[in-house]
């Protein structure tokens with residue numbers, strides 16, 4: 001069975017500071033890993049994904065994540081936070097089997113950006 | 001523009017009533033999914049469908065039903081058996097080996 005743990009349900013950073021959102025996963029097979037962002041009362045938007053190519057993945061809006069197999073981690077970072085980054089972020093894992101991809105989501109991290 | 005549409009944006013259910021949430025996609029995706037989102041619990045899979053006329057239960061299927069008569073459409077019915085239906089419902093679709101899921105804007109279901 002797959003699982004995802006997101007450490008910290010709320011993270012607060014100052015505008016211009018480094019953003020670090022943590023994600024650890026458990027999977028019995030090589031995983032596909034995803035980060036999504038959700039703004040209030042909206043659907044989820046894909047930020048980036050890891051699919052066994054490069055371990056450092058670059059996404060939209062200046063975000064990136066590094067896959068570390070030894071640490072079973074896929075933490076999301078952004079060098080300089082912007083007010084528009086305030087949202088909820090979800091990490092998800094898939095085993096990639098079958099035609100449909102069953103995603104297992106973490107419980108989310110709400111990012112607050114202060115002046 | 002290609003995408004996923006969900007309607008209505010808000011839906012109100014009375015006690016003992018079945019309600020149906022619509023999900024339509026024009027992305028030509030094979031697989032479609034329904035998730036339920038509650039505060040602090042992330043997203044939980046209700047049902048998913050890999051092809052037309054076929055669907056499988058997810059982790060929390062009790063009290064819900066679906067159909068997949070057309071590739072573009074995957075409606076979700078919240079039945080009276082679902083005792084705690086208040087939540088945000090998200091529909092998604094995916095295609096191809098990498099199976100990235102793309103999400104609709106969601107429907108918020110409230111109980112009167």
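The values are calculated or read from the model by the stated rules, or taken from the named source; none is laboratory data. All values reported here derive from a predicted model rather than from experimental measurement. When we count neighbours, we look across all protein chains shown, and the Cβ atoms used for this are built from the backbone with ideal geometry, even at glycine.
Points worth noting:
- So residue A:112, is it within 11 Å of chain B (Cβ to nearest Cβ), under 30 Å from residue B:10 (Cβ atoms) and either exposed (fewer than 12 other Cβ atoms within 10 Å of the Cβ) or at pLDDT 95 or above (or both): no
- Of all residues in the range B:33-50, those that are within 20 Å of residue B:2 (Cα to Cα), at the interface with chain A (Cβ under 7 Å from one of its Cβ atoms) and at pLDDT 90 or above total 0.
- Within the range B:1-32, the set of residues being outside any strand (DSSP E or B) and within 12 Å of chain A (Cβ to nearest Cβ) comprises B:3, B:9, B:29, B:30.
- If you go through the range B:72-85 and keep only what is at pLDDT 95 or above and either out of contact with any strand residue (DSSP E or B) (no Cβ under 7 Å at 6 or more places or on another chain) or within 23 Å of residue A:41 (Cα to Cα) (or both), you end up with B:73, B:74, B:75, B:76, B:77, B:78.
- Test: residue A:90 is at pLDDT 95 or above, in a strand (DSSP E or B) and facing chain B (nearest Cβ under 9 Å): yes
- Being at negative phi and not in a strand (DSSP E or B) holds for only one residue in A:112, A:42, and it is A:42.
- Summed over the range B:61-92, the residues that are more than 10 Å from chain A (Cβ to nearest Cβ), part of a strand (DSSP E or B) and either within 14 Å of residue B:46 (Cα to Cα) or under 11 Å from the mean Cα position of the chain (by Cα) (or both) give a count of 9.
- Candidates B:59, B:30, filtered to the one that is surrounded by fewer than 22 Cβ atoms within 10 Å (Cβ to Cβ), over 17 Å from residue B:6 (Cα atoms) and touching a residue at least 60 places away in the same chain (Cβ under 8 Å): B:30
- Failed item in (1) out of contact with any strand residue (DSSP E or B) (no Cβ under 6 Å at 6 or more places or on another chain); (2) at positive phi, with residue A:72 passing the rest: (1)
- Residue that is crowded, with 19+ Cβ neighbours inside 10 Å, within 16 Å of residue A:109 (Cβ to Cβ), modelled with pLDDT under 95 and within 10 Å of the chain's Cα centre (by Cα), where the choices are A:33, A:21, A:76: A:33
- When each of A:49, A:68 is tested for being under 12 Å from the mean Cα position of the chain (by Cα) and modelled with pLDDT under 95, the lone residue that passes is A:49.
- Tally, over the range A:52-83, of residues that are closer than 19 Å to residue A:37 by Cα, away from chain B (no Cβ under 14 Å) and in contact (Cβ under 8 Å) with a residue 12 or more places away in the chain: 17
- Selection status of residue B:61, modelled with pLDDT of 95 or more and touching a strand residue (DSSP E or B) at 6+ places or on another chain (Cβ under 8 Å): yes
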